[in-house]
Amino acid sequence: MILNGISLLNYRNLQEVEIAFSPKINCLIGSNGMGKTNLLDAVYYLSFCKSAINASDSSNIMHDAPFFMLQGYYCSDSGVEREVSCGLKRGEKKQFRRDGKLYERLSDHIGSVPLVMVSPADNELIAGGSEERRRFMDVVISQYDKEYLLSLIRYNRALQQRNALLRGEREPDADMMSLIEEMLVEEALFINNRRKSFIDELVPIFTKFHNSITGGDEPVALSYRSHTNDGDLLDVLRASRSDDRRLGHTSKGVHRDELVMQLGGYPLRREGSQGQNKTFLVALKLAQYDFLRSKGGEMPLLLLDDIFDKLDSRRVERIISLVAGDGFGQIFITDVNREHIDNILEQITGEYKLFNVEKGCVSLLRERGVEK
């Protein structure tokens with residue numbers, strides 16, 4: 001998939017922007033707060049129907065503006081042109097369209113424009129709670145497996161129903177509780193199976209990328225831990241009813257699963273330096289990209305937002321060498337340091353465009369190899 005261009009109105013600090021991109025590498029240079037990350041976030045929004053930065057859609061509307069509008073112009077790997085657009089007025093429901101046709105369910109769009117984003121916010125995968133690591137698994141799997149996304153929606157709906165019964169003033173109805181728990185278990189087993197298969201496939205790819213970046217000097221590990229391995233999950237849920245009633249929520253299930261990250265046999269969050277953590281995350285996201293590509297769908301877009309901070313020059317060179325190769329498609333790179341960007345562009349031989357972003361305005365500085 002290639003994003004040929006994008007048009008934005010009133011998206012965060014980007015009042016009116018229209019850009020044509022290079023089909024290979026696009027670099028965005030500018031000081032902090034100028035709008036580089038906001039531009040990448042708009043690209044992300046068109047893939048996932050939501051912002052990577054703000055949970056509240058209305059927060060993405062420029063201050064004092066009544067709405068925002070995003071339009072992305074794509075070309076599929078088979079040469080089919082597509083348009084994806086989203087508009088949101090304050091106080092109203094957002095409208096998401098593909099080729100002019102309104103989506104009835106936003107979940108139907110997920111996976112149509114596969115995308116992998118690497119950003120400073122990824123540090124929450126290490127420093128944050130287990131929900132961050134589950135979200136990582138869910139986002140990846142949902143891009144190529146529609147049944148997984150639907151199962152996840154059904155599981156979360158049943159989970160909310162069980163939690164509502166647990167928090168009720170009266171003792172939960174036993175028959176209703178049993179019915180909800182059976183629904184939870186059915187979806188949980190499906191989710192667990194897909195997560196386990198995903199991690200089993202991802203680990204060797206992740207290890208390959210990590211070794212390529214570090215030279216193989218840092219032993220790392222990635223594994224999946226689930227409550228479904230603690231015995232029959234239905235029995236586990238029934239046995240935990242009393243405790244869960246006191247807690248007011250469901251304490252067992254795939255919504256509590258964990259993706260374990262280790263460095264040298266110890267927890268990464270405890271052992272890793274800033275550079276080691278950054279390397280782990282970059283390798284993980286590049287593995288995510290390669291995994292999605294191997295599923296036979298569209299080539300994902302790759303967004304690299306200010307990722308070279310905390311990394312030594314040798315690791316930066318190795319990362320650029322990897323992503324500039326034939327295994328990767330269209331790439332978007334942001335940095336505050338012009339020298340970093342120039343060094344990156346010197347290492348590549350293919351097409352690129354270099355943009356300057358200042359106070360929400362985007363201008364083309366330089367390009368190479370782009371047909372006129």
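The values are calculated or read from the model by the stated rules, or taken from the named source; none is laboratory data. None of these values were measured; they are calculated from a predicted model. Here the Cβ is made from the backbone with ideal geometry for all residues, glycine too, and neighbour counts use every protein chain on show.
Lys208 versus (1) surrounded by fewer than 19 Cβ atoms within 10 Å (Cβ to Cβ); (2) more than 30 Å from Ser313 (Cβ to Cβ): which is the lone unmet condition?
Just one mismatch for Lys208, condition (2).
Is the range 110-132 home to any residue that is assigned to a loop (DSSP other than H, G, I, E, B) and modelled with pLDDT under 90?
Among the residues of the range 110-132, at least one is assigned to a loop (DSSP other than H, G, I, E, B) and modelled with pLDDT under 90, which makes the answer yes.
When you look at His63, is it modelled with pLDDT under 95, crowded, with 18+ Cβ neighbours inside 10 Å, over 25 Å from Ile341 (Cα atoms) and not small (Gly, Ala, Ser), yes or no? Explain how you work it out, then say what you get.
Numbers: modelled with pLDDT under 95: yes; crowded, with 18+ Cβ neighbours inside 10 Å: no; over 25 Å from Ile341 (Cα atoms): yes; not small (Gly, Ala, Ser): yes.
It is false that His63 is modelled with pLDDT under 95, crowded, with 18+ Cβ neighbours inside 10 Å, over 25 Å from Ile341 (Cα atoms) and not small (Gly, Ala, Ser).
Consider Lys252 carefully, then state whether it is among the basic types (Lys, Arg), part of a loop (DSSP other than H, G, I, E, B) and either at pLDDT 90 or above or within 19 Å of the chain's Cα centre (by Cα) (or both).
On the way: among the basic types (Lys, Arg): yes; part of a loop (DSSP other than H, G, I, E, B): yes; either at pLDDT 90 or above or within 19 Å of the chain's Cα centre (by Cα) (or both): yes.
Taking the combined requirement at face value, the residue satisfies it.
So which of Thr334, Thr349 is touching a Lys or Arg at 6+ places or on another chain (Cβ under 7 Å), of a type in the set (S, T, N, Q) and not in a helix (DSSP H, G or I)?
Thr334
Taking the condition of being over 21 Å from Val116 (Cβ atoms) and in contact (Cβ under 8 Å) with a residue 24 or more places away in the chain, how many residues in the range 243-274 meet it?
Residues flagged as over 21 Å from Val116 (Cβ atoms) and in contact (Cβ under 8 Å) with a residue 24 or more places away in the chain within the range 243-274 amount to 21.
Pick from the range 42-59 the residues that are farther than 21 Å from Tyr103 by Cα and either surrounded by 24 or more Cβ atoms within 10 Å (Cβ to Cβ) or of a type outside the set (A, V, I, L, M) (or both): which of them is modelled with the lowest pLDDT?
My answer is Asn54.
Is it the case that Ala221 is touching a Lys or Arg at 6+ places or on another chain (Cβ under 9 Å) and closer than 17 Å to Leu202 by Cα?
no
Does Glu171 meet the test of being over 30 Å from Thr279 (Cα atoms) and in the same structural domain as Gln276 (by TED's automatic domain parsing)?
Yes: the conditions hold for Glu171.
Where in the range 1-93 are there strands (runs of 3 or more DSSP E), lying wholly inside it, with at least 3 residues that are closer than 25 Å to Arg366 by Cβ and touching a residue at least 40 places away in the same chain (Cβ under 8 Å)?
Those strands (runs of 3 or more DSSP E) span 2-11, 14-20, 25-29, 67-75.
Tell me yes or no: at least one residue of the range 305-326 is of a type in the set (Ser, Thr, Tyr), assigned by TED's automatic domain parsing to the domain that holds Tyr44 and either more than 23 Å from Phe48 (Cα to Cα) or out of contact with any Asp or Glu (no Cβ under 6 Å at 6 or more places or on another chain) (or both).
Within the range 305-326, the subset of a type in the set (Ser, Thr, Tyr) is 313, 321.
Restricting the remaining residues to those that are assigned by TED's automatic domain parsing to the domain that holds Tyr44 gives 313, 321.
Cutting the leftovers down to either more than 23 Å from Phe48 (Cα to Cα) or out of contact with any Asp or Glu (no Cβ under 6 Å at 6 or more places or on another chain) (or both) gives us 313, 321.
Checking the range 305-326: at least one residue is of a type in the set (Ser, Thr, Tyr), assigned by TED's automatic domain parsing to the domain that holds Tyr44 and either more than 23 Å from Phe48 (Cα to Cα) or out of contact with any Asp or Glu (no Cβ under 6 Å at 6 or more places or on another chain) (or both).
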